[in-house]
Every structure is written in structure tokens, then in C-alpha cells.
Amino acid sequence: MNGLAPRPLTRWIIGGVVGLLFALPLVSTLLFTLQDGDGYTFARWAGLFDPAKAAVLKPIWTGLGNSLLLALVTVLIVLLILAPTMILVSLRFPALRRSFEFLVLLPITIPAIVLVVGLAPIYQQIGRTLGTGAWTLAFAYGITVLPFAYRSIQASIDAVDLRTLSEAARSLGAGWFTVVTRVLAPNLRPGLLAASLISVAVVLGEFTIASLLNRQVLQTGLVVVNKIDAYASAMFTLMALAFAFALLLVIGRAGRSQPGKNRS
Amino acid sequence: MTSPRALPRTSENLLLAAAGEGSRAEFRGVVKDYGAHRVLHGVDLDVAPGEFVSLLGPSGCGKTTALRVLAGLEQATEGTVHLGGRDVSRVPTNKRDIGMVFQSYSLFPHLRALENTAFGLRRRGVGHAEARRRAGDALDLVGLGHVADRYAHQLSGGQQQRVALARALVTEPRILLLDEPLSALDAKVRAQLRDEIRRIQLRLGITTVFVTHDQEEALAVSDRIAVMDAGRIEQIGTPEDLYLRPATPQVAAFIGLSSLVPAEVVGGMARLWGHALPVQVPASDGPVDVFLRPENLRLVGDDQPGIGAVVHESTFLGSFRRTVLRTDDGYLVRVQHAASEHVDFGDTVRIAVTPAPVAVRPHRSEYDDDLDG
């Protein structure tokens, strides 16, 4: 331990204050959904699955379905386009790594509202050719998740000697497809998994682009329902947060507990 | 050398018996450029079936590049490479039927030792059970049958390179390529594995090209050594040839542990400290530098011809001592002598040159007189 680390007591105080800051709105929201006059009840939570409320909640269920499909396509874009490109850059064009990294990190510096201005005419064209399905948003999200996905995959690439592994596999008779699927992908698994989960989290959290391009996803559904039934919207928000929290836990675990880890 | 076919029928020996005879490997005028920088200047090399040839040279001499061209990991700019009489210059690595062991640890981290070893067999369409059985035999061959279930990070460096060797051999490739496989290991393991590679190679009869910068390694295991310098092969020959009859000063400097001392060639003999020494490569009369190996020099009594010297440093090496001396005319030389001839720092002694042929090079005024070389 170095001299700069705070003492345990200080750490607990800092952790407590920060935790309280985050917990306060969440607990308030939870109490809000449970409150019934002076007491508390789970009736509203049970009511989510009440057929009588189905019409009110329809935008959320539709949005949820769209969001999940959208998340899937976005993950596919990350795994099938970004990851192979990164492998290609690190094996064949290492000189391009710097400019590639700059390009990929660029979306983080551009506000979503600005992005939409550019995306709107493109999505008019996409609407004409591929239809107006919510899944087409994956093209935009594929861009916005680039910086996050890139970071996690690159960390894995840096931890593995890609060149030697691929040359060894090639010398043993493996073609490039086999090299990537049988040798590189399993060893980049923590990074690929983390990138996928982060992409899901981004897709489930993005509102501006979806709203301004008039696509129905979970987040826009929540806003619509919020105007009719504030309780339902609050409950779904809590569930979405719990899901995102679980995802983060899984991401944290993905980096550890690997059979091939700790090579020395 | 024992013939593998005369051995008892153990699983290891069956693997040996199944091994091929080895293929001929040839470089024909191979040139390799990286942009404007030429790293191979027309390399010609013919490796006979079953032969163990080392590419030896300092770092940056092009030896690894030559091996990578043979493996198909680099494309030759000009010239061709042939395996088993066929031009494979345009054949991709995975179709060349080679086995390769790399300098850095190259086991697949996500696979166990046995699965690593079976990888090449599976790529060749060998069934799961059959591949596992043959991989197990190959691990037995390198003495690692008991670690088949371990991952790379559970193996020592030496064990990892052994598994890599088993993995390279199990497919019975036409040629075994070794790219400094021992350089990451500590000295004792290095010597053991070096001898083991040679033992297995002799029994399998597989053609082998071994890249190393360590002359001792190359001298110990090779049928022939190709000494490379600055992208060219300086000399190809048996270890004895290179040691006793170096064709060029570069080879003389690189093989053995030489000290350089200026001398004068008169009538084809090098005159040094009252001796007339035959030169290995004919040299015209004039000033030269003589390569003196530790075993060329001996300590002698005061009445004999030779030169006086002061002990600079003396190292006990078990059966002999190696002593660094500064001669009275000011040159640092190494002498190898019996451990019983004890000398200490500051002692004055007398040394003489044994009348064996010596290597010489044209005299240079400035000295790259590093005694570590």
C-alpha cells in the first residue's frame, strides 16, 4: 500500500457519502411505487401483469422487444465488424493503430444531438431501403458504442501475444478463419464479452437518438407511459437499472476467472 | 545413432516409426526487402533430408527472417524456397506441412497441453479420439505425458517449449523449424532441452532448421552451421570446419572465444611474440590481426619463447581455469589452462602460442576489443 491511500475510516466515509448520493433517488423511486396512502403495498408491481393495464403499458413492451433486438444487432456489429478489424489492425497494420484508435474514440466527443443532425438524412435513406424498423438504429448505435467496445477489446488484445498465437496456429495448418475463431476469439473472450455487455447497456440507456429519429425503444416507451402512468414508468426504470447493474457485475467478473489467465 | 525401426514396440516408438524420412529444403537466391531496407542479400542454402542445420549469427543478421521465409510467414522479394523438391514460395504457411517452435511461448492459453498438441492433427482432419491418442504419444516423447491436463500457465518455461515441440512434431511435418526456442529459458534447462531436441531429431530423422545467436548451442547440436552476417551466409560447414577453418574473419570472430592481437604476416606465416604461426586462410604479407582462442595459448616457464603478461582476472570453471592477461605489449588475451596452475590477480606469468593454424584478418587500427564477444 502506498502513502497516498486513505485510511480505512476515510474510505468508508467517502464510500458512504457517494453510495448515499446514488441510493437516495433510487430508494425514493422504490418507495414512490410502493406507497399507498400511509402504508406500503406491492399491489402496483403485481398490477404490471394485469391484462386490464395492457393497453397502457403496450409502448413499453413493444419498446422492450425492439430494444432487445436492437441490442442483439449492435452486439453482432461489434463482434463481426469491430473485433475482426481490430485483430486485422494489430496483426497486419500496426502502423495504423494510432489513427484507428482516434477514429474509434471520436464518437465519445460528439454529443448525441449533433450526431442526430447528421444521422437524420441518412436514416431517411435507410427508411426507404431497409424500412423504419427500430433495429435499423443499430447502425447508429454501432457507432456510439465504438469507444466503449474498443477499450475492452483492446485491453484483451494487449494482454495476449496475438502475433505468435496466430503464427503458431498457421504453422499447424490452420487457415485464417480457424485462427480467428478457434485461437484468437477464445483468448480475447473476456474483452469480447465485456464489449458485448457494454454495448447492451449503451443500447438500453440511449434516449436522444432513438427519440429524435422517432424509433420506439424501451426508453421512449418509458417516457410515453410516464405521461399516463407515472408508477409503471418508475417501476420499469427501476427494473432497467437493476438489469444494467447486473450486467456491470457480469462484466466485472468476465475479466477474471479464465483458465488461460496469468500467463507468465 | 539408433535406427527407430529396431526399437521395441512402445507407443513412442510406433510414433517414431511412423515418422517420415524428412524432406530436402532449399533457398535459391532469396532476397528480402523491408521497404528500402534489404535484410537478405540472396541466400542460397541446401538442407539435406534428415539434416540438422543451424542458422547462426548476431541479432539483425537476417537468420530469423530466412526461417520465416521458409515457413511462409514472410514472402521473399526475390528467389524461391523449395520443400521436398517443390517450389513452395507461393504456398501459404498453413499448407506447407511444417512444424515450428517459436522464441516466445506460443501454446494456446485456452487449451490444455494435450489439446494444444492435438491442434495440428485436428486441422488435418484426424478424428477426435485418434488425435488425442497421438497427441498423448507425442507428449510422452518429450517426457511430459503427466502434464497433459495442464494449461500453459501451469507449466514451467521449459515444459511449455517441450509441449510446443511435441505439438510441432506430432503432425509428422516435412521439416521442423526452430526459431530460438531456447533463448527464454535458464541455462540449465536450455542445455537439457537442446540435447533433447537433438536426440529426438536424430531418432525421427526429421529435417531441421534451427535459428540461434548462441554459437555454443549451434556447435553442440548441428550437422552443419550456416554463419550469417548482414543478410548473407558467410560460411556453411560442420562445426569442426567452422571452428578450425573459418573462411572469413567474421566467422573466426563469431565462432569460439577469440582475443585479437596484431601481428605481421611474412611468407605466409604470422609472426607473433617470437612464434611463426601458420594461418588458416592464406593472407598476403603485411600487418594483420590474429584471432587467438583460449586454447591456443598456454602458460610456460620463463626460459621459453613467448611473452610476459600480468594476470588481470582468473575464473575457476571446474576442470579448468580461464585467465585474462595483459601482455607486456599491452593486449588483453584469454588463456585456458589446468585448474591446478593457480594464478592470482597481479601475478606475472609467461605465455606462448601453441603452433596450430590461426585465423587472421587485415589489421584495423581501432579495436573492437571486447572480451565478452
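The values are calculated or read from the model by the stated rules, or taken from the named source; none is laboratory data. Everything numeric here is computed off the predicted structure, so don't read it as measured data. We place every Cβ from the backbone using ideal geometry, glycine too, and count neighbours over all the protein chains shown.
Among residues of the stretch B:50-67 that are modelled with pLDDT under 95 and assigned to a loop (DSSP other than H, G, I, E, B), those with a beta-carbon under 6 Å from a residue that is of a type in the set (Lys, Arg) and buried (at least 23 other Cβ atoms within 10 Å of the Cβ) at least six positions away or on a different chain give the pairs B:57/B:63. Which one is farthest from the chain's Cα centre (by Cα), of the residues in the stretch B:82-104 that are hydroxyl-bearing (Ser, Thr, Tyr) and at the interface with chain A (Cβ under 7 Å from one of its Cβ atoms)? Only one residue tops the list, namely B:93. When the helices (runs of 4 or more DSSP H) confined to the stretch B:176-263 are screened for residues that are more than 25 Å from residue B:323 (Cα to Cα) and either in contact with a His (Cβ under 8 Å, 6 or more places away or on another chain) or of a type in the set (A, V, I, L, M, F, W, C) (or both), those reaching at least 1 such residues are found at B:187-204, B:215-221.
Residues are listed down the side, and each one gets a yes or a no for (1) in contact with a helix residue (DSSP H, G or I) (Cβ under 6 Å, 6 or more places away or on another chain); (2) more than 13 Å from residue B:107 (Cα to Cα):
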site: A:138; (1), (2): yes, yes
site: A:143; (1), (2): yes, yes
site: A:153; (1), (2): yes, yes
site: A:158; (1), (2): no, yes
site: A:161; (1), (2): no, no
site: A:166; (1), (2): yes, no
site: A:172; (1), (2): yes, no
site: A:177; (1), (2): no, yes
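Only one of these is farther than 26 Å from residue B:241 by Cα, modelled with pLDDT of 80 or more and either surrounded by fewer than 13 Cβ atoms within 10 Å (Cβ to Cβ) or touching a strand residue (DSSP E or B) at 6+ places or on another chain (Cβ under 8 Å) (or both): B:302, B:347. Name it.
Numbers: B:302 fails: modelled with pLDDT of 80 or more.
Just one listed residue meets the conditions, B:347.
Residue A:241 satisfies every condition listed in (1) farther than 22 Å from residue A:79 by Cα; (2) within 14 Å of another protein chain (Cβ to nearest Cβ); (3) of a type outside the set (Asp, Glu); (4) in contact (Cβ under 8 Å) with a residue 24 or more places away in the chain except (2). Any idea which of A:33, A:62 is assigned to a helix (DSSP H, G or I) and not assigned by TED's automatic domain parsing to the domain that holds residue A:144? After ruling out the rest, the residue left standing is A:33. For the stretch B:52-77, the set of residues classified as away from chain A (no Cβ under 14 Å) and out of contact with any Leu (no Cβ under 9 Å at 6 or more places or on another chain) consists of B:57, B:58, B:59, B:60, listed by residue number. Counting the residues of the stretch B:323-349 that are closer than 13 Å to residue B:259 by Cα and part of a strand (DSSP E or B) gives 10.
When the stretch B:169-215 is limited to residues that are within 14 Å of another protein chain (Cβ to nearest Cβ) and at positive phi, the one that is surrounded by the fewest Cβ atoms within 10 Å (Cβ to Cβ) turns out to be B:172. Remark: pairs (first residue in the stretch A:148-164, away from chain B (no Cβ under 12 Å); second residue in a helix (DSSP H, G or I) and aromatic (Phe, Trp, Tyr); Cβ separation under 9 Å; 6+ apart in sequence or on different chains) = A:150/A:100. Restricting the stretch B:231-252 to residues that are modelled with pLDDT under 90 and of a type in the set (A, V, I, L, M, F, W, C) leaves a set whose member that is surrounded by the fewest Cβ atoms within 10 Å (Cβ to Cβ) is B:244. The test for being aliphatic (A, V, I, L, M), in the same structural domain as residue A:121 (by TED's automatic domain parsing), modelled with pLDDT under 90 and more than 18 Å from residue A:148 (Cβ to Cβ) does not hold for residue A:204.
Return yes when residue A:19 is surrounded by 15 or more Cβ atoms within 10 Å (Cβ to Cβ) and more than 30 Å from residue A:154 (Cβ to Cβ) and no when it is not.
Details: surrounded by 15 or more Cβ atoms within 10 Å (Cβ to Cβ): no; more than 30 Å from residue A:154 (Cβ to Cβ): yes.
Spelling it out, it is not the case that residue A:19 is surrounded by 15 or more Cβ atoms within 10 Å (Cβ to Cβ) and more than 30 Å from residue A:154 (Cβ to Cβ).
Answer with yes or no whether residue A:143 is modelled with pLDDT of 90 or more and either within 14 Å of chain B (Cβ to nearest Cβ) or touching a Gly at 6+ places or on another chain (Cβ under 9 Å) (or both). No; evaluated as a whole, the condition is false for this residue. Is it true that residue B:109 is at the interface with chain A (Cβ under 9 Å from one of its Cβ atoms) and in contact with a His (Cβ under 9 Å, 6 or more places away or on another chain)? Answer is yes for this residue.
Inside the stretch B:115-126, can you point out the residues that are crowded, with 23+ Cβ neighbours inside 10 Å and either farther than 17 Å from residue B:170 by Cα or more than 8 Å from chain A (Cβ to nearest Cβ) (or both)?
Pass one, the stretch B:115-126, residues crowded, with 23+ Cβ neighbours inside 10 Å: B:116-121.
Residues satisfying the conditions are B:116, B:117, B:118, B:121.
Under the condition of being within 9 Å of chain A (Cβ to nearest Cβ), touching a Lys or Arg at 6+ places or on another chain (Cβ under 7 Å) and not hydrophobic (A, V, I, L, M, F, W, C), the residues counted in the stretch B:145-168 number 2. Within the stretch A:92-104, none of the residues are touching a residue at least 40 places away in the same chain (Cβ under 8 Å), of a type outside the set (Asp, Glu) and surrounded by fewer than 19 Cβ atoms within 10 Å (Cβ to Cβ).
Mind checking which residues of the stretch B:153-168 are hydrophobic (A, V, I, L, M, F, W, C) and buried (at least 24 other Cβ atoms within 10 Å of the Cβ)?
Residues of the stretch B:153-168 that are hydrophobic (A, V, I, L, M, F, W, C), as a first pass: B:155, B:163-166, B:168.
Passing the criteria: B:163, B:164, B:165, B:166, B:168.
Of the helices (runs of 4 or more DSSP H) lying entirely inside the stretch A:95-186, those containing at least 1 residues that are within 21 Å of the chain's Cα centre (by Cα) and not hydrophobic (A, V, I, L, M, F, W, C) span A:97-105, A:137-144, A:146-159. Scanning the stretch A:26-39 for residues that are under 11 Å from residue A:234 (Cα atoms) and free of Cβ contacts under 8 Å to residues at least 40 places away in the same chain gives A:28, A:31, A:34. For residue A:231, the conditions (1) surrounded by fewer than 20 Cβ atoms within 10 Å (Cβ to Cβ); (2) within 11 Å of another protein chain (Cβ to nearest Cβ) all hold with the exception of (2).
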